[in-house]
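Okay, so here's the structure we're looking at.
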Amino acid sequence: MKFRQLRKLSFREACEEIWMGYRALIASGLNRVEFLFKRTFSLPLWLRAIITIVGVAFIAGVIATPWLFKTAKAYRSEHMLVQAKELQADGRNVEAYQKIRAAALLRPDQAEVRELVLELAEEVRSPQAVWWAERAAKANNYDAESIAKVIEMAAYFRQSQIGVRYLAMLQEAYPDYEGATDAELRLLLSQGKRVEAINKALHAYKNGETSPTIHEVLAMHYLNASDPIAQKTLADYLQENLNRNDEVGLSLKRLVLTRTAELSPEVMEQVNFAQILTDLRQFPEAKQNDRALAIGRALEHGDISKDEAQATILAEFDINDPDEREDLMEMASIFGLYGIIESLPATQKRELNQLRLEGMVLSETPDFEGARQLLDSSSEATLAPLQASFWNAMLAREQGHNEAFTKSLIEALNYATLEEWVYLERILHRRATEAQLLEFYRESVQRLPNTPYIAAHALNYAYQVGADAELAAMAQQMPLDTFKRDPYSQIFLIYLKALQERDLSTSRYHAEDLVAKYPREASYYIALAFVYAQSQNVPLAKSVISSFPLGNDYEAMPPFLRICLAATGNTAALPDIDKLPLAKEREIAKRLVDSKPTEAALN
């Protein structure tokens, strides 16, 4: 009604009416306050005292609320910090991380909490470690050490955009920081820029920089190269640096221990595992697993007996500590030291029962009947469904029941996580036939899709054994963005698809994208040129190759890249035809030898 009346008034009259209403409202409020004030003074003294005390208490409460909240959060955070330390001491790192993460969210300004949450996030391999590292860097006013830690975490968890941003910050704010090269190398490797990382490491080494990361990159470069010159260089390099008692020596020892199977006989002449073990015991930064690996490698190469290896590894670990006991069982599994089981506490935990089954089925004196009894009597509390299915499969394999092996293996894969899959792969490589391994990889790719680690292992194994049909089938199933965070594996998949003349337009798109992202990486130009050649466009393939200076160091290239390069007309890059694993590769190589390059490249 009031609004309708205002519409009939002029603008000035409406403003006056509104102003008068506003004044009336204020006056009414003041009158009410005056009335309450006078009424309060008319109350008895005791009642006025109570009202005054309540009012003062309310005002004090309002003023003190922020401080009370801060004190409560500090108390709760301190309590959870103590709990997290206790859980960490008991080896329950996942629970400890959950506690300390909550404490850090309550009180992010406490240095001890920040340090512990970052340590535990890294320990349990949580991607949140990158975010916590950023928080720590901000709290430390972005000092060089904190920024380098962020780059390290970003590289480890493949969050390259964050790593690149902080690397630029580090190089601008601290151009003389000694760890800048290490940080950049880790980031380049995480991005798949191997050539750039190697060139950076070589340049730094020539300039006198000798950090562990630089030496590790150089050693991996020589190790990955297949030519005799690189192997001779690696042998000389290890002879000079492997026995160093510093962080460089420790880094190289770890590399040798974890990649022993890839070392050539010439390189192995420079490796003494007994000496490595002695050096590791004198180095305070060496871990128990480092020493245990050295003991296991010494056993593999006949330097010590199995009984001596078991006794020595047992002495390295505290079997009463849950974490150390778990590491001990892992080493026993890797090196087949099943006699260790007798020294472990007699429990029915899943991990120990799995090791018991492994010993019964895979040891030199198998006990198939005992394994069957353990499997039949187990429950979900004593043996996980994956463990039961897998060891049913392995028992069936050892007894020659191939159909039962396949059925149980598929059941196991339906339960498997990536970490558990790695264990299955390791065990199968010790006992399974080539056909059974191919079946394992084929089923793994189907049942655990979108897992780059599994996809890469499946493709590499099928390629190494020359399984043309299996490799073509697996490559056809995989989309090209399977390896979007692993460019080197992506160009191998592009090569396989182009080799079979599959998805050529999509392969061309992804290869061109890789060249645009990594304009200094020769491998991507070679892969793109091969796709053009397989698409019947040899002139364009040649123009791509001619646009990038490749040099003549063909021996250092993987065989598939040499095939790619030769298909564009550069037949000097062809590897030994008899050493090519795939029939399709040998067919192309023979055509390249027998005909003109432009004709041979047309498949």
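The values are calculated or read from the model by the stated rules, or taken from the named source; none is laboratory data. Keep in mind that this is a model prediction, so the values were computed, not measured. Here the Cβ positions follow ideal geometry from the backbone for every residue, glycine too, while neighbour counts run over all protein chains shown. Heads up: the accessible areas ignore ligands, DNA and RNA and are worked out on the full protein's heavy atoms, side chains in. Shrake-Rupley method; radii C 1.70, N 1.55, O 1.52, S 1.80 Å.
Could you say whether any residue in the stretch 97-114 is under 22 Å from Q128 (Cβ atoms), β-branched (V, I, T) and open to solvent by less than 80 Å² (accessible area, probe 1.4 Å)? Within the stretch 97-114 (the criterion being under 22 Å from Q128 (Cβ atoms), β-branched (V, I, T) and open to solvent by less than 80 Å² (accessible area, probe 1.4 Å)), the answer is yes, since at least one residue qualifies. The set of residues in the stretch 554-595 that are within 21 Å of N460 (Cβ to Cβ), surrounded by fewer than 14 Cβ atoms within 10 Å (Cβ to Cβ) and charged (D, E, K, R) comprises D576, D578, K579.
Taking the stretch 236-249 as the search range and keeping residues that are open to solvent by 10 Å² or more (accessible area, probe 1.4 Å) and of a type outside the set (S, T, N, Q), which one is nearest to A298 (Cα to Cα)?
Filtering the stretch 236-249 for residues open to solvent by 10 Å² or more (accessible area, probe 1.4 Å) gives 236-237, 239-240, 243-247.
Still in the running and of a type outside the set (S, T, N, Q): 236-237, 240, 244, 246-247.
Numbers: D236: 21, Y237: 21, E240: 21, R244: 19, D246: 22, E247: 22 Å.
Restricting to residues being open to solvent by 10 Å² or more (accessible area, probe 1.4 Å) and of a type outside the set (S, T, N, Q), the top hit is R244.
For the stretch 452-487, a residue qualifies if it is closer than 20 Å to Y532 by Cβ and within 21 Å of the chain's Cα centre (by Cα), and the qualifying residues are L480, P487. On the given criteria, is T382 hydroxyl-bearing (S, T, Y) and at pLDDT 90 or above? No; evaluated as a whole, the condition is false for this residue. Of all residue pairs spaced 6 or more apart or on separate chains, those with beta-carbon atoms under 6 Å, a first member in the stretch 364-392 that is β-branched (V, I, T) and a second member that is open to solvent by less than 60 Å² (accessible area, probe 1.4 Å) are T382/N353. In the stretch 432-447, the residues that are over 13 Å from W421 (Cα atoms) form Cβ pairs under 6 Å with partners that are acidic (D, E) and assigned to a helix (DSSP H, G or I), at six or more places apart or across chains, as follows: L438/E470.
Could you tell me whether R372 is of a type in the set (K, R) and more than 29 Å from E300 (Cα to Cα)? Please lay out each step first, then the result.
On the way: of a type in the set (K, R): yes; more than 29 Å from E300 (Cα to Cα): yes.
Taking the combined requirement at face value, the residue satisfies it.
Scanning the stretch 507-522 for residues that are open to solvent by 60 Å² or more (accessible area, probe 1.4 Å) and either over 18 Å from L188 (Cα atoms) or out of contact with any helix residue (DSSP H, G or I) (no Cβ under 7 Å at 6 or more places or on another chain) (or both) gives R508, Y509, E512, A516, K517, P519.
Take the stretch 374-417 and flag every residue that is of a type in the set (G, A, S) and in a loop (DSSP other than H, G, I, E, B). Give the derivation first.
Here is the first cut: in the stretch 374-417, the residues of a type in the set (G, A, S) are 377-379, 381, 384, 388-389, 393, 396, 400, 404, 408, 412, 416.
Answer for the stretch 374-417, where residues must be of a type in the set (G, A, S) and in a loop (DSSP other than H, G, I, E, B): S378, S379, A381, A384, G400, A416.
Scan the stretch 266-317 for residues that are open to solvent by 50 Å² or more (accessible area, probe 1.4 Å), modelled with pLDDT under 85 and under 28 Å from the mean Cα position of the chain (by Cα) and report the count. Qualifying residue count for the region: 2. When the stretch 421-437 is filtered for residues that are surrounded by fewer than 16 Cβ atoms within 10 Å (Cβ to Cβ) and assigned to a helix (DSSP H, G or I), the ones remaining, listed by number, are V422, R426, H429, R430, R431, E434, A435.
Among the residues of the stretch 127-142, write down those that are open to solvent by less than 20 Å² (accessible area, probe 1.4 Å) and of a type outside the set (A, V, I, L, M).
Looking only at the stretch 127-142, we keep the residues that are open to solvent by less than 20 Å² (accessible area, probe 1.4 Å), and these are 129-130, 132-133, 136-137.
The one that is open to solvent by less than 20 Å² (accessible area, probe 1.4 Å) and of a type outside the set (A, V, I, L, M): W132.
Put simply, of E326, E369, E358, E342 the only residue that is within 25 Å of R281 (Cβ to Cβ), in a helix (DSSP H, G or I) and acidic (D, E) is E326.
If the condition is being part of a helix (DSSP H, G or I), in contact (Cβ under 8 Å) with a residue 24 or more places away in the chain and of a type outside the set (S, T, Y), then the stretch 529-543 contributes A529, F530, V531, A533, Q534, V538, A541, K542. Close Cβ contacts (under 7 Å, 6 or more residues apart or on different chains) running from residues in the stretch 457-473 that are open to solvent by 20 Å² or more (accessible area, probe 1.4 Å) to residues that are among the acidic types (D, E) comprise H457/E425; V465/E434.
For E119, the criteria (1) over 27 Å from T260 (Cα atoms); (2) acidic (D, E); (3) open to solvent by less than 60 Å² (accessible area, probe 1.4 Å) hold in every case but one, which is (3).
When A72, A104 are screened for being under 60 Å from the mean Cα position of the chain (by Cα), part of a helix (DSSP H, G or I), touching a residue at least 12 places away in the same chain (Cβ under 8 Å) and under 30 Å from A121 (Cα atoms), only A104 passes.
Selection of helices (runs of 4 or more DSSP H) fully inside the stretch 558-603 by the criterion of at least 3 residues being at pLDDT 85 or above and within 36 Å of the chain's Cα centre (by Cα) returns 559-567, 583-594. Scanning the stretch 120-140 for residues that are closer than 24 Å to G91 by Cβ and in a loop (DSSP other than H, G, I, E, B) yields V124, R125, S126, P127.
Restricting attention to the stretch 158-179, which residues are part of a helix (DSSP H, G or I) and either surrounded by fewer than 20 Cβ atoms within 10 Å (Cβ to Cβ) or at pLDDT below 85 (or both)?
At the first step, the residues of the stretch 158-179 found to be part of a helix (DSSP H, G or I) are 160-173.
The answer is S160, Q161, I162, V164, R165, A168, M169, Q171, E172, A173.
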